[in-house]
Amino acid sequence: MQNELDSFEPVHISVMLDEVLQSFAAFSTEEELFFLDGTAGEGGHSEAILHKFPNSQILLLDRDSQMLQRAKERLYTYQNRIYSMCNNFSDFSLDTLQVSSFARGFDAIVLDLGISTFHYDGSGRGFSYAKEEPLDMRLDGVGISAKDVIARYPEKKLLDLFWKYGEERWSKKIAAVLVEKRKKVKIQTCKELADLVAAIIPRKFWPPKSHPATRIFQALRIEVNRELYHIEHGLPQLFSMLKPGGIFTVISFHSLEDRIVKNVFRDWKQQKSASLLYKKPLAPSEEEVRQNRAARSAKLRAIRKLGLDRTPI
(Lines give C-alpha, C1' and ligand atoms only; values in the text may rest on other atoms or scores of the structure.)
Protein backbone atom coordinates (compact mmCIF):
# COMPACT_ATOMS: atom_id res chain seq x y z
CA MET A 1 0.00 0.00 0.00
CA GLN A 2 2.75 2.46 0.90
CA ASN A 3 4.56 1.80 -2.37
CA GLU A 4 1.37 2.65 -4.26
CA LEU A 5 1.00 5.88 -2.33
CA ASP A 6 4.63 6.83 -2.90
CA SER A 7 4.01 6.60 -6.65
CA PHE A 8 0.70 8.48 -6.58
CA GLU A 9 0.61 11.02 -9.40
CA PRO A 10 -2.07 13.73 -9.28
CA VAL A 11 -3.92 14.26 -12.55
CA HIS A 12 -5.26 17.68 -11.61
CA ILE A 13 -3.15 20.81 -11.06
CA SER A 14 -4.81 23.01 -8.44
CA VAL A 15 -5.06 26.63 -9.53
CA MET A 16 -3.94 29.81 -7.78
CA LEU A 17 -2.10 28.09 -4.93
CA ASP A 18 0.05 31.17 -4.27
CA GLU A 19 -2.98 33.45 -4.18
CA VAL A 20 -4.81 31.14 -1.76
CA LEU A 21 -1.84 31.16 0.60
CA GLN A 22 -1.49 34.93 0.15
CA SER A 23 -5.07 35.28 1.42
CA PHE A 24 -3.97 33.66 4.69
CA ALA A 25 -1.06 36.07 5.21
CA ALA A 26 -2.56 37.36 8.48
CA PHE A 27 -2.10 33.95 10.07
CA SER A 28 1.14 32.98 11.76
CA THR A 29 2.64 29.79 10.39
CA GLU A 30 3.19 28.70 13.98
CA GLU A 31 -0.47 28.86 14.97
CA GLU A 32 -2.68 25.85 15.46
CA LEU A 33 -5.23 26.53 12.74
CA PHE A 34 -8.29 24.65 11.58
CA PHE A 35 -9.04 24.69 7.86
CA LEU A 36 -11.91 23.41 5.74
CA ASP A 37 -11.30 22.41 2.14
CA GLY A 38 -14.90 22.20 1.00
CA THR A 39 -14.07 20.89 -2.48
CA ALA A 40 -11.02 18.75 -1.77
CA GLY A 41 -10.61 17.29 -5.25
CA GLU A 42 -7.17 15.69 -5.41
CA GLY A 43 -6.01 17.64 -2.37
CA GLY A 44 -3.76 20.22 -4.04
CA HIS A 45 -4.90 23.22 -2.00
CA SER A 46 -4.91 21.16 1.19
CA GLU A 47 -1.37 19.98 0.55
CA ALA A 48 -0.14 23.56 0.15
CA ILE A 49 -1.93 24.64 3.34
CA LEU A 50 -0.64 21.72 5.41
CA HIS A 51 2.91 22.44 4.24
CA LYS A 52 2.65 26.20 4.89
CA PHE A 53 1.03 25.82 8.32
CA PRO A 54 2.71 22.82 10.00
CA ASN A 55 0.57 22.99 13.15
CA SER A 56 -2.70 23.08 11.28
CA GLN A 57 -5.42 20.50 10.82
CA ILE A 58 -7.75 20.30 7.85
CA LEU A 59 -11.11 18.77 7.06
CA LEU A 60 -11.53 17.48 3.51
CA LEU A 61 -14.99 17.51 1.98
CA ASP A 62 -15.96 16.28 -1.46
CA ARG A 63 -19.23 15.00 -2.88
CA ASP A 64 -17.31 12.55 -5.08
CA SER A 65 -16.02 9.59 -3.05
CA GLN A 66 -13.49 8.72 -5.76
CA MET A 67 -11.94 12.18 -5.58
CA LEU A 68 -11.90 12.13 -1.79
CA GLN A 69 -9.99 8.85 -1.82
CA ARG A 70 -7.47 10.31 -4.24
CA ALA A 71 -6.99 13.31 -1.95
CA LYS A 72 -6.39 11.05 1.04
CA GLU A 73 -3.82 9.07 -0.93
CA ARG A 74 -2.03 12.24 -1.94
CA LEU A 75 -2.00 13.54 1.63
CA TYR A 76 -0.96 10.26 3.20
CA THR A 77 2.14 11.76 4.87
CA TYR A 78 -0.17 14.26 6.65
CA GLN A 79 -2.65 11.62 7.74
CA ASN A 80 -2.48 12.57 11.43
CA ARG A 81 -3.59 16.13 10.56
CA ILE A 82 -6.39 15.45 8.09
CA TYR A 83 -10.00 14.38 8.49
CA SER A 84 -12.35 13.61 5.65
CA MET A 85 -16.04 13.32 4.91
CA CYS A 86 -17.81 12.47 1.66
CA ASN A 87 -20.36 15.25 1.54
CA ASN A 88 -21.43 18.19 -0.57
CA PHE A 89 -20.29 21.42 1.09
CA SER A 90 -23.83 22.80 0.93
CA ASP A 91 -25.17 19.85 2.94
CA PHE A 92 -22.41 19.82 5.55
CA SER A 93 -22.88 20.86 9.17
CA LEU A 94 -20.64 20.58 12.20
CA ASP A 95 -23.34 18.53 13.91
CA THR A 96 -22.60 15.65 11.55
CA LEU A 97 -18.86 15.74 12.24
CA GLN A 98 -17.72 13.81 15.28
CA VAL A 99 -14.31 15.52 15.54
CA SER A 100 -13.79 17.73 18.58
CA SER A 101 -10.96 19.67 16.91
CA PHE A 102 -13.43 21.48 14.66
CA ALA A 103 -16.19 21.98 17.23
CA ARG A 104 -15.55 25.73 17.42
CA GLY A 105 -15.54 26.16 13.65
CA PHE A 106 -12.85 27.00 11.13
CA ASP A 107 -10.13 29.62 10.89
CA ALA A 108 -10.25 29.45 7.11
CA ILE A 109 -12.31 27.88 4.35
CA VAL A 110 -11.31 27.17 0.74
CA LEU A 111 -13.69 26.40 -2.11
CA ASP A 112 -12.51 25.61 -5.63
CA LEU A 113 -15.66 25.44 -7.73
CA GLY A 114 -14.01 23.93 -10.79
CA ILE A 115 -14.21 20.39 -12.10
CA SER A 116 -11.08 18.30 -11.70
CA THR A 117 -9.01 17.31 -14.70
CA PHE A 118 -9.43 13.74 -13.47
CA HIS A 119 -13.16 13.96 -14.17
CA TYR A 120 -12.41 14.75 -17.80
CA ASP A 121 -9.48 12.39 -18.30
CA GLY A 122 -10.04 9.44 -15.98
CA SER A 123 -13.48 9.23 -14.41
CA GLY A 124 -15.27 7.61 -17.36
CA ARG A 125 -18.42 9.60 -16.60
CA GLY A 126 -18.81 11.55 -19.81
CA PHE A 127 -17.46 14.98 -18.90
CA SER A 128 -15.24 15.12 -21.98
CA TYR A 129 -16.70 15.72 -25.43
CA ALA A 130 -13.75 13.86 -26.97
CA LYS A 131 -14.47 10.41 -25.56
CA GLU A 132 -16.92 7.57 -26.16
CA GLU A 133 -18.14 7.49 -22.56
CA PRO A 134 -21.66 7.19 -21.14
CA LEU A 135 -23.33 10.61 -21.02
CA ASP A 136 -23.56 10.76 -17.23
CA MET A 137 -21.75 13.79 -15.70
CA ARG A 138 -22.91 13.13 -12.13
CA LEU A 139 -20.28 13.94 -9.53
CA ASP A 140 -21.88 11.80 -6.84
CA GLY A 141 -23.96 9.29 -8.83
CA VAL A 142 -27.20 10.75 -7.46
CA GLY A 143 -30.16 12.08 -9.41
CA ILE A 144 -30.68 12.39 -13.14
CA SER A 145 -27.82 11.97 -15.58
CA ALA A 146 -26.99 14.12 -18.59
CA LYS A 147 -28.39 11.33 -20.77
CA ASP A 148 -31.69 11.61 -18.90
CA VAL A 149 -31.79 15.37 -19.48
CA ILE A 150 -31.22 14.97 -23.22
CA ALA A 151 -33.79 12.17 -23.45
CA ARG A 152 -36.57 13.61 -21.30
CA TYR A 153 -36.54 17.40 -21.15
CA PRO A 154 -39.07 19.14 -23.41
CA GLU A 155 -37.64 21.31 -26.17
CA LYS A 156 -38.41 24.59 -24.35
CA LYS A 157 -36.72 23.36 -21.19
CA LEU A 158 -33.63 22.30 -23.13
CA LEU A 159 -33.52 25.69 -24.84
CA ASP A 160 -33.76 27.51 -21.50
CA LEU A 161 -31.13 25.26 -19.97
CA PHE A 162 -28.60 25.76 -22.76
CA TRP A 163 -29.16 29.53 -22.77
CA LYS A 164 -29.21 30.09 -19.01
CA TYR A 165 -26.34 27.82 -17.95
CA GLY A 166 -24.35 27.68 -21.17
CA GLU A 167 -25.04 31.16 -22.57
CA GLU A 168 -25.12 29.40 -25.94
CA ARG A 169 -26.43 31.60 -28.76
CA TRP A 170 -27.43 28.51 -30.80
CA SER A 171 -29.58 27.10 -27.98
CA LYS A 172 -32.86 27.20 -29.92
CA LYS A 173 -31.49 25.36 -32.93
CA ILE A 174 -29.63 22.79 -30.82
CA ALA A 175 -32.67 22.04 -28.67
CA ALA A 176 -34.89 21.58 -31.73
CA VAL A 177 -32.46 19.23 -33.48
CA LEU A 178 -31.91 17.17 -30.32
CA VAL A 179 -35.64 16.65 -29.87
CA GLU A 180 -35.99 15.49 -33.48
CA LYS A 181 -32.90 13.29 -33.24
CA ARG A 182 -34.03 11.48 -30.09
CA LYS A 183 -37.26 10.42 -31.80
CA LYS A 184 -35.12 8.19 -34.02
CA VAL A 185 -32.17 7.19 -31.86
CA LYS A 186 -31.03 7.54 -28.25
CA ILE A 187 -28.08 9.83 -27.63
CA GLN A 188 -26.03 7.80 -25.16
CA THR A 189 -22.40 8.94 -25.25
CA CYS A 190 -20.69 12.28 -24.83
CA LYS A 191 -19.01 12.00 -28.23
CA GLU A 192 -22.36 11.42 -29.95
CA LEU A 193 -23.68 14.61 -28.37
CA ALA A 194 -20.53 16.60 -29.10
CA ASP A 195 -20.52 15.54 -32.76
CA LEU A 196 -24.19 16.43 -33.12
CA VAL A 197 -23.71 19.91 -31.64
CA ALA A 198 -20.65 20.48 -33.83
CA ALA A 199 -22.73 19.61 -36.89
CA ILE A 200 -25.49 22.04 -35.88
CA ILE A 201 -23.32 25.13 -35.34
CA PRO A 202 -21.85 26.48 -38.59
CA ARG A 203 -18.07 26.17 -38.53
CA LYS A 204 -17.52 29.91 -38.97
CA PHE A 205 -19.25 30.41 -35.59
CA TRP A 206 -17.15 27.87 -33.70
CA PRO A 207 -15.19 29.38 -30.79
CA PRO A 208 -11.52 29.80 -31.75
CA LYS A 209 -9.93 27.88 -28.87
CA SER A 210 -12.55 25.41 -27.66
CA HIS A 211 -14.91 22.74 -28.96
CA PRO A 212 -18.27 24.06 -30.22
CA ALA A 213 -20.07 21.80 -27.71
CA THR A 214 -18.23 23.25 -24.69
CA ARG A 215 -21.11 25.50 -23.59
CA ILE A 216 -23.67 22.71 -23.97
CA PHE A 217 -21.56 20.38 -21.84
CA GLN A 218 -21.17 23.12 -19.22
CA ALA A 219 -24.92 23.65 -19.09
CA LEU A 220 -25.63 19.93 -18.71
CA ARG A 221 -23.01 19.52 -15.98
CA ILE A 222 -24.41 22.47 -14.02
CA GLU A 223 -27.96 21.14 -14.35
CA VAL A 224 -27.16 17.54 -13.44
CA ASN A 225 -25.13 18.47 -10.36
CA ARG A 226 -27.24 21.51 -9.36
CA GLU A 227 -24.00 23.42 -9.06
CA LEU A 228 -25.40 26.95 -8.78
CA TYR A 229 -27.98 25.86 -6.22
CA HIS A 230 -25.27 24.39 -4.03
CA ILE A 231 -23.18 27.57 -4.26
CA GLU A 232 -26.12 29.79 -3.32
CA HIS A 233 -27.08 27.63 -0.34
CA GLY A 234 -23.61 26.49 0.65
CA LEU A 235 -21.87 29.84 1.05
CA PRO A 236 -24.09 31.04 3.96
CA GLN A 237 -23.95 27.59 5.54
CA LEU A 238 -20.16 27.59 5.55
CA PHE A 239 -19.92 31.23 6.59
CA SER A 240 -21.82 30.36 9.78
CA MET A 241 -19.01 27.90 10.65
CA LEU A 242 -16.24 30.45 10.12
CA LYS A 243 -14.73 31.93 13.26
CA PRO A 244 -14.67 35.72 13.70
CA GLY A 245 -11.50 36.90 11.98
CA GLY A 246 -11.56 33.85 9.76
CA ILE A 247 -10.86 33.91 6.02
CA PHE A 248 -13.14 32.53 3.30
CA THR A 249 -11.67 32.10 -0.19
CA VAL A 250 -13.61 30.99 -3.26
CA ILE A 251 -12.24 30.24 -6.72
CA SER A 252 -14.77 30.32 -9.57
CA PHE A 253 -14.35 29.53 -13.25
CA HIS A 254 -17.26 31.07 -15.12
CA SER A 255 -19.47 34.12 -14.85
CA LEU A 256 -22.50 32.33 -13.41
CA GLU A 257 -20.51 31.06 -10.42
CA ASP A 258 -18.59 34.29 -9.92
CA ARG A 259 -21.75 36.40 -10.00
CA ILE A 260 -23.21 34.45 -7.08
CA VAL A 261 -20.00 34.67 -5.04
CA LYS A 262 -19.62 38.38 -5.78
CA ASN A 263 -23.19 39.17 -4.73
CA VAL A 264 -23.07 37.10 -1.55
CA PHE A 265 -19.75 38.61 -0.46
CA ARG A 266 -21.09 42.10 -1.25
CA ASP A 267 -24.18 41.47 0.88
CA TRP A 268 -22.04 40.33 3.82
CA LYS A 269 -19.93 43.46 3.47
CA GLN A 270 -23.02 45.70 3.44
CA GLN A 271 -24.38 43.88 6.49
CA LYS A 272 -21.03 44.53 8.19
CA SER A 273 -20.58 40.79 8.68
CA ALA A 274 -17.40 40.67 6.64
CA SER A 275 -14.78 42.77 4.90
CA LEU A 276 -13.40 42.13 1.44
CA LEU A 277 -9.74 41.11 1.27
CA TYR A 278 -9.55 42.33 -2.33
CA LYS A 279 -11.61 45.05 -4.02
CA LYS A 280 -11.46 43.08 -7.24
CA PRO A 281 -11.03 39.33 -7.68
CA LEU A 282 -7.52 38.01 -8.13
CA ALA A 283 -6.63 36.36 -11.42
CA PRO A 284 -3.93 33.76 -12.06
CA SER A 285 -0.53 34.99 -13.16
CA GLU A 286 0.43 34.88 -16.81
CA GLU A 287 3.04 32.28 -15.94
CA GLU A 288 0.45 30.02 -14.31
CA VAL A 289 -1.85 30.30 -17.32
CA ARG A 290 1.05 29.39 -19.61
CA GLN A 291 1.77 26.30 -17.54
CA ASN A 292 -1.86 25.34 -16.87
CA ARG A 293 -4.44 26.47 -19.42
CA ALA A 294 -7.24 25.34 -17.09
CA ALA A 295 -6.42 28.33 -14.87
CA ARG A 296 -7.15 30.91 -17.57
CA SER A 297 -10.71 31.72 -16.42
CA ALA A 298 -10.17 31.38 -12.67
CA LYS A 299 -11.09 34.19 -10.27
CA LEU A 300 -10.40 34.24 -6.55
CA ARG A 301 -12.50 36.26 -4.13
CA ALA A 302 -11.89 36.36 -0.38
CA ILE A 303 -13.50 37.86 2.69
CA ARG A 304 -12.63 38.16 6.37
CA LYS A 305 -15.41 37.55 8.87
CA LEU A 306 -15.89 40.40 11.29
CA GLY A 307 -16.61 40.15 14.99
CA LEU A 308 -14.42 39.57 17.98
CA ASP A 309 -10.72 39.38 17.22
CA ARG A 310 -9.58 35.90 16.37
CA THR A 311 -7.06 34.64 18.89
CA PRO A 312 -4.79 31.61 18.56
CA ILE A 313 -6.24 28.49 20.13
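The values are calculated or read from the model by the stated rules, or taken from the named source; none is laboratory data. What you see is a predicted model, and the numbers here were worked out from it, not measured in a lab. Note that each Cβ is placed from the backbone with ideal geometry, even for glycine, and that neighbours are counted across all protein chains shown. The accessibility values were calculated without ligands, DNA or RNA, using every heavy atom of the protein model including side chains. Shrake-Rupley method; radii C 1.70, N 1.55, O 1.52, S 1.80 Å.
Quick notes on this one:
- Between helix 65-74 and the chain there is an angle of about 50 degrees, using the helix long axis and the longest principal axis of the Cα atoms.
- Stokes-Einstein, applied to the Kirkwood radius of segment 87-235 over Cα pairs at a viscosity of 1.306 mPa s and 10 °C, places its translational diffusion at 94 µm² s⁻¹.
- Relative contact order for the chain: 19 percent, from Cα pairs under 8 Å spaced at least 6 residues apart, divided by residue count.
- Of the listed residues SER23, SER93, the order by accessible area with a 1.4 Å probe, largest first, is SER93, SER23.
- The Cα trace of segment 244-283 gives Rg and Dmax of 10.3, 29 Å, the first to one decimal, the second as a whole number.
- Taking one quarter of the surface of the C-alpha convex hull of segment 41-165 gives a mean projected area of 9.6 nm².
- For the set ASP140, ASP148, ASP95, solvent exposure ranked by accessible area (probe 1.4 Å, protein chains only) runs largest to smallest as ASP95, ASP140, ASP148.
- Calculated from backbone phi, Karplus (6.51, -1.76, 1.60) coupling profile of segment 237-249 in Hz, x at Gly/Pro: 4, 6, 4, 5, 9, 7, 5, x, x, x, 10, 10, 10
- Built amide H within the under 5 Å cut-off of PHE53, gap 5+: none
- Residue order by solvent-accessible surface for CYS86, CYS190 is CYS86, CYS190, largest first, with ligands and nucleic acids left out and a 1.4 Å probe.
- The antiparallel fraction among DSSP beta bridges confined to the chain stands at about 40%.
- Cα-based Rg and Dmax for the chain, where Dmax is the largest Cα-Cα distance (Å): 20.5, 65
- Pairwise Cα inverse-distance average, inverted: Kirkwood Rh of segment 91-175 (Å): 16.2 Å
- Euclidean distance between Cα centres, segment 164-233 to segment 238-293, Å: 28 Å
- Counting only protein heavy atoms and a probe of 1.4 Å, the accessible surface of segment 129-217 is 55% carbon and sulfur.
- Amide H contacts of LEU242 (H built 1.01 Å from N, in plane; Pro and chain starts excluded): PHE106 sit under 5 Å, all sequence-distant by 5 or more or on other chains.
- Here the 3J(HN,Hα) profile of segment 137-150, calculated from phi with Karplus coefficients 6.51, -1.76 and 1.60 at θ = phi - 60°, is 6, 7, 7, 10, x, 10, x, 6, 9, 4, 4, 5, 4, 5 Hz, Gly and Pro shown as x.
- Stokes-Einstein diffusion coefficient of segment 168-288, Kirkwood radius over Cα pairs, 10 °C, 1.306 mPa s, in µm²/s: 90 µm²/s
- Normalising by residue count, segment 135-206 has a Cα convex hull of 94 Å³ per residue.
- For segment 261-266, backbone phi angles converted through the Karplus equation (6.51, -1.76, 1.60; θ = phi - 60°) give residue-by-residue couplings of 4, 4, 5, 5, 4, 4 Hz, Gly and Pro being listed as x.
- The modelled label-to-label distance for the pair TYR278/ALA198, using points 7 Å beyond Cα in the direction of Cβ, is 3.5 nm.
- Amide H contacts of LEU36 (H built 1.01 Å from N, under 5 Å, at least 5 apart or other chain): LEU59, ALA108, ILE109, VAL110
- With the simple spin-label model, which puts each label point 7 Å out from Cα in the Cβ direction, the GLU73 to GLU287 separation comes to 3.1 nm.
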